[in-house]
Structures are given as C-alpha cells and as structure tokens.
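Take a look at the structure set out below.
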Amino acid sequence: MAEKGIKTQDWAAFRAEAQRMLEAALDQMQQAADRPWQPVPDDIGARYAVTAEALGPQAAVDRIIRDVLPYHGGNTHPRFWGWVQGSGLASDLISSLAAAAVNANMGGRDHGANYMERAVVDWTRARMGMPESASGILVTGTSQATVIAFQAARLRVLKDLRKQGQGAVRLTAYAGEGVHNATLKAVELLGIGSDNLRMVPLADGKLDCAALAEMVASDKAEGAVPFLVVGNAGTVDLGLFDDLNALADAAAALGLWLHVDGAFGAWTRIAAEPYRSLSDGIGRADSIALDFHKWMYVGYDCGMALLRNEEEHRAAFAARPAYLEGAERGLAGGEPWFCDYGIDLSRGNRALKVWTALETYGEAAFSEAITGNCELAALMAAEVEAQPQMALGAPVVSNVCVFTARRDLAPEAQSQVNARIAQTLQESGEAVFSTTRAGGRVMLRAAITNHRSREADVRAAIAAVVREASK
Ligand SMILES: *Cc1c(COP(=O)(O)O)cnc(C)c1O
C-alpha cells in the first residue's frame, strides 16, 4: 500500500527550494532601501485564494517570491516612520529558521526553549531595574501584557476574583491623558468598564500627581475602589514620559498598583543620556508592559509583561488541570511553566528571536540604534524649524516628531495639505509618515523606531515634504 498523508518524498528538491527561499529573504532584507511599500494589486485577494492542491515546494516558493515578498507593510524601509512600528532584523531570518526546526511549545515542560525565555526575561528585568524576584513572560505585545498586568493588579484588591468575579465592586483606574488605547481595551475586556478609567490631566507633559490624588479621593468618597494607575514611558502620539519616580511615590501613598506602559519608551533604559533618564524610576513599577517588536526592532510579534512580585503574577494565572500536572523528572518537569504566568497554554518561541538578535549584534548596538533614533527625531525637528512654512506640533522629547508642512494656512487647509502629503509620499515610496491631530489640525507624524534610518533619510524626507507642500 502506498504511503499516505504529508510526506517530503524528495528531500534534495525540498532543500533546493528552501535555500531559494532563504536567498530571496536575504535579498529582501539586504535591499530593504530599494523596496518601499507599494499599493497592493487589485487582484491580491484572488492571488492568495487557497487552492488546497498539492503544487509542491517549488510552486509555493515561486508564488511567495512573486505575490508575498513585494507586498509588505513598508516597515522594513529606512524611511518608514509611521505609527510606531519596528523595522525587523536580519537576525530574525536565522532565528525563525531555527524556531521552525524546533517547533517549541512554550507552555511548559522540560526543554531548552523555556530556559532561554527565562534568560531573556531576566536580561530584560535587569535592564528595567526590577528586582531579581520579579517575573515575566513573553506575549504577543503590549496589548496582551497590559491585560496580564491589570488582572494581577485586580487580584491584589479582590482576593476571590477568580472564583467570584468582580460583582458589584466598582474598581477605578487612572492614566494620564494620551494613554494608549491598549489600556482602555484591557479595562473593557476585564469588565472594569471604560467609565471607570479616569483620564488624569497632564502638567508640563507629565501626569499631574496632585490631580491624581484629588481624583482618587473623590472616587473613594463615592464608594469606588481605586486600584491602579498607569504611567507612560513614551506616549504613542508624542513620545512623552511621565515622571515615573514621582508616580511611584504617588502610587505608594495612594495604595495604587503602578503599571507602566513602556511599549517602546521603556527601551530608553538602554539609550544614552539625555534619553535614558526619561524612564528613570521605571523599575519601581508593580508591572511593566513593553515590546521587542517596536524599539528592539525584532520581528513581529514579541512583547513582555514584567511583574514585580512573582507571587502576585502566579496568583492571577496559575491553574493546572490533571492532564497538565508537572513531574519531578522527565519531559513533564521543568517547573515553573509559562502557562501559569499568562493567558495562553500553547505558546510560540518568541525568546529565540530576542536572544539571537542580542547574540548577533550585541546590546551596545541596540543602545546606539535607540539613541540614534532619538537624535534623528531631533534632527527632523531642526529641519522642520529651519523651514519658514513648517512648524512643530509639539516639542520633540524622544523619538517622535509631529509637525505641519504649512503653518501659514488656516487649520482646515493645513489638515488637508498634511494628509495629502502623507498619502503622496507613501505612494511614491519616498517616505512613510502617519498623521495625528495636534492643536486642532491633522499633522504629519514620524515615530522613529527604525534601525535602518540615517541622517540622509531624514533630510531627503523633509525635502520631499517641502516639495509637496508647495504644490
Ligand atoms: C504600540 C503601543 C501599544 C500597544 O502595543 P502592541 O504591541 O501593539 O499590542 C501600547 N502602548 C503604546 C505606547 C504603544 O506604542
């Protein structure tokens, strides 16, 4: 009887196709500057229609090279600064091959990848200045890390939450204006309710701790249970940082759990001054959410939740039905298991890409790249200010530069020009800015989390803006 099912009959041919794929992937990365985003063809959906026929590896590789590689999201290009996106590392090609070969399930058990994740957590914990007793887990991104952190925070005030639910208790949380939508989503998802997330005004670009104390007192007087304050290390719109030391003091005085959203800005911890001190005090947080896929440049997806107190971390998530019981020896050993620290049971191997990146380039290269990105944002601001018709929407604090191309126009006309310029430069492949609203108008926005960007890129992009602004 013929062999049935999935089989690779011809390893020599498969090897050749896999190597062809590797070469194409290497070309794509090496030539990233020549391959900007381009609009997808009209028939892209049809091109991807699943045929479910066995066409073999050669056909698959042909089609990936023709229909997949060209239609990327642009974020590997040196002049991509839209939203906050990471640029992806060549080392990801190595780590993703190795990860596929091992196919580790990181939920638990006794195998190497889990020890590597612990090492990556420990390296990150130390960089953030959290104590050795802290714990952490790699997750999809800051959005998921935020849910994990808030759940642990909630358990601190509602010990029976896991069994009884939140009931009629009205928990209230606090965050500075400009906090990322991930905080709102987490509050909604956990059933805390967005009405119970208070937006605290900023003073001098930082959460106003006096206003926070007043809001907490008035909520308490109304019978609510204030439990959480979210500090920002890098707001998404403007790259602002709260005074995390002041916030840690305020949180302690008010009995609140301090969570820091450090999605990208936490990495100023390994930057040079003056950027490093922006995140001073971050290690005093009860929890930190951060991403590797933004300002550590590793491929999507990869974030981390760090919790100061491992007991509290486990209290929120540990649960092991009989079929998952651990053992002293054998494959069911290897405690503690990561499934007890987060939402997922089955988990992919995110540690390997972080580890490979650090092994390949070394921490100092990341420090330089992060510092360099802030310097490029400062350069962009200087280029903007040198243009009489352009103006900054806000001072540049870290790696985010927001500006208008035509300050001489009325707000509505400025909005139209800025939006048009963003689209035109995206479509021409010259540069990717996104837009945001500042001072009642749409502005161009660059968030530089891109290790491929150089001074010449910033100058060329601003020159292109100037050109388009005069049209
Ligand atoms: C991107 C971002 C998030 C959300 O992170 P994901 O990794 O996309 O889930 C949260 N906060 C800030 C400040 C961000 O920039």
Considering every residue within the range 198-221, establish whether at least one is assigned to a helix (DSSP H, G or I), farther than 18 Å from Pro395 by Cβ, within 13 Å of the ligand (Cβ to nearest atom) and small (Gly, Ala, Ser). no
The range 286-311: number of residues that are β-branched (Val, Ile, Thr) and either within 9 Å of the ligand (Cβ to nearest atom) or under 17 Å from Gln144 (Cα atoms) (or both): 1
Would a scan of the range 253-260 turn up a residue that is within 12 Å of the ligand (Cβ to nearest atom), under 18 Å from Ala149 (Cβ atoms) and not charged (D, E, K, R)? yes
Could you check the range 436-452 and list, in sequence order, the residues that are among the β-branched types (Val, Ile, Thr) and either more than 11 Å from Phe403 (Cβ to Cβ) or buried (at least 21 other Cβ atoms within 10 Å of the Cβ) (or both)? Val442, Ile448, Thr449
May I ask you to list pairs of residues, at least six apart or on different chains, whose Cβ atoms are under 8 Å apart, with the first in the range 273-293 being farther than 24 Å from Asn309 by Cα and the second being at pLDDT 95 or above and more than 16 Å from the ligand (Cβ to nearest atom)? Tyr275/Thr371; Arg276/Ile270
Tally, over the range 294-321, of residues that are in contact with a strand residue (DSSP E or B) (Cβ under 7 Å, 6 or more places away or on another chain) and closer than 14 Å to Gly262 by Cα: 6
Please determine whether any residue of the range 115-124 is among the aliphatic types (A, V, I, L, M), in a helix (DSSP H, G or I), within 27 Å of Leu189 (Cα to Cα) and more than 12 Å from the ligand (Cβ to nearest atom). yes
Residues to consider are Ala271, Ala319, Ala285, Ala351; find the one that is more than 17 Å from Ser143 (Cα to Cα), surrounded by fewer than 17 Cβ atoms within 10 Å (Cβ to Cβ) and of a type in the set (A, V, I, L, M, F, W, C). Ala319
Is it the case that Asp280 is surrounded by fewer than 23 Cβ atoms within 10 Å (Cβ to Cβ) and either farther than 25 Å from Ala99 by Cβ or among the aromatic types (Phe, Trp, Tyr) (or both)? yes
State the number of residues belonging to the range 226-252 that are over 16 Å from Ala305 (Cα atoms), near the ligand (Cβ under 10 Å from one of its atoms) and small (Gly, Ala, Ser). 2
Looking for whichever is farther than 18 Å from Trp257 by Cβ, of a type in the set (Asp, Glu) and within 14 Å of the ligand (Cβ to nearest atom) here; the options are Glu177, Glu132. Which one fits? Glu177
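The values are calculated or read from the model by the stated rules, or taken from the named source; none is laboratory data. Small disclaimer: the values here were computed from a predicted structure and weren't measured. Neighbour counts run over all protein chains shown; Cβ positions are idealised from the backbone, glycine included.
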